[in-house]
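Below is one structure; the comments refer to it alone.
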Amino acid sequence: MSADTSAITRRDPSPISGNAIMRVGPVNPTVAKALVDDYDALVLPEPGAAREEFLTEHGESIRVAVCSGKIGVDTDLMKRLPNLEAIVNFGVGYDATDVAQATERNIPISNTPDVLTDCVADTALGLYLDTLRSLSAAERFVRAGTWATGANFPLATRASGKRVGILGLGRIGAAIAKRLEAFGCEIHYHNRSEINGSAYTYHPSAAALAAATDVLIVAAAGGPASAGLVDATVLEAIGPKGFLINIARGSVVDEPALVAALQNGGIAGAGLDVFASEPHVPEELLALDNVVLLPHLGSGTHETRADMAELTLNNLRSYVESGELVTPVS
């Protein structure tokens, strides 16, 4: 988002009342409670007749929208809010919101960076270890009673000392790299541009990164610019002995191509916390033992969600009081 959010001044200097603040979709319980208790905010109904009636009555009065990264302010909804001034987003990702329209209309967006970095990086590390060492499959092997029959579980892959490619070396990507350095891993990365002073090896494309490494970890931001970035060509470059870990967005990976690669041995395995049409997971993946499937729990800890809620409410409070967001998207 390219709008200048460094010094935001409300276009309407009048106080922002509760009927000018709207919650879009489900949000964190702490945030939802504060919206009612502290702001008496409105709640956008689900799509249908009730929503149409709501927008007809309140659409022009809405100045601030509060949403989650999963359900943002999409194109059609934003068009129905002609006086919208700011979008307060619970989550680091904001690709569910029409960023292009927000930029064009100079509507700033806030997110919750930094506070969830460690937990998402921890999840990536867990997926990395689980996928390469087949830990979930081994646990199922024991639970099914197969081990008790005298059978041996198949050998897995060493996790230490691998060449690991980070696709998207931002805050979360860098935290993942730091953790993997402790495992003796050699870190490579691809960004839209090379990072000056980075100790890691840069590659000019996702395919080049995949070809040079044993494991590709996707930590790129979601949105139209990264949609399908990990396509059949990148998956082919990962190769039959390589692995894919995705803790970014399901949209970054060509899901049908990934399913095919896992089924035909094009790659050795995958660890996935995100999917293209959550919460729906392709049926083909459910039957495969070479893929670890998680329900988008990257930042799902009590501590991180509390920190995210606090930062979300700080952004809302700051905008209502001063017209400035604490963590605007740059």
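Figures for the structure shown
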| quantity | calculated |
| --- | --- |
| Heavy atoms of Lys178 accessible to a 1.4 Å probe, total area in Å² rounded to 10 | 150 |
| For region 12-58, size of Cβ-based charge dipole, Lys and Arg +1, Asp and Glu -1, in debye | 180 |
| Å³ per residue enclosed by the Cα convex hull of region 167-244 | 87 |
| Convex hull projection area averaged over all views, region 272-314, Cα basis, nm² | 3.9 |
| Kyte-Doolittle mean at least 0.0, axial Cα span of 15 Å or more - DSSP H helices of the chain | 117-133, 171-181 |
| For the chain, calculated [θ]222 nm from helices alone, where every DSSP H run of n ≥ 4 adds -39500 (n - 2.57) | -10000 deg cm²/dmol |
| Total lysine pairs under 20 Å (Cα atoms) in the chain, excluding pairs fewer than 8 apart on one chain | 4 |
| Asp98, Asp38, reordered so the largest accessible area comes first (probe 1.4 Å) | Asp38, Asp98 |
| Test item: Cα-centred dipole of region 149-276, Lys/Arg +1 and Asp/Glu -1 on Cβ, debye | 340 |
| Size of charge dipole - the chain - debye, nearest 20, with Cβ of Lys, Arg +1 and Asp, Glu -1, no other charges | 780 |
| Gap separating the Cα centres of region 270-320 and region 92-153, nearest whole Å | 7 |
| Paired Rg and Dmax values of region 1-145, which use every Cα atom, in angstrom | 19.6, 68 |
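The values are calculated or read from the model by the stated rules, or taken from the named source; none is laboratory data. Remember, predicted model here, so these are calculated numbers, not experimental data. Methodologically, a virtual Cβ is constructed for each residue, glycine included, from the backbone with ideal geometry; neighbour enumeration extends over all protein chains shown. Ligands, DNA and RNA are stripped out before the accessible areas are found, and what is left, the full protein with its side chains, is counted by its heavy atoms. Shrake-Rupley method; radii C 1.70, N 1.55, O 1.52, S 1.80 Å.
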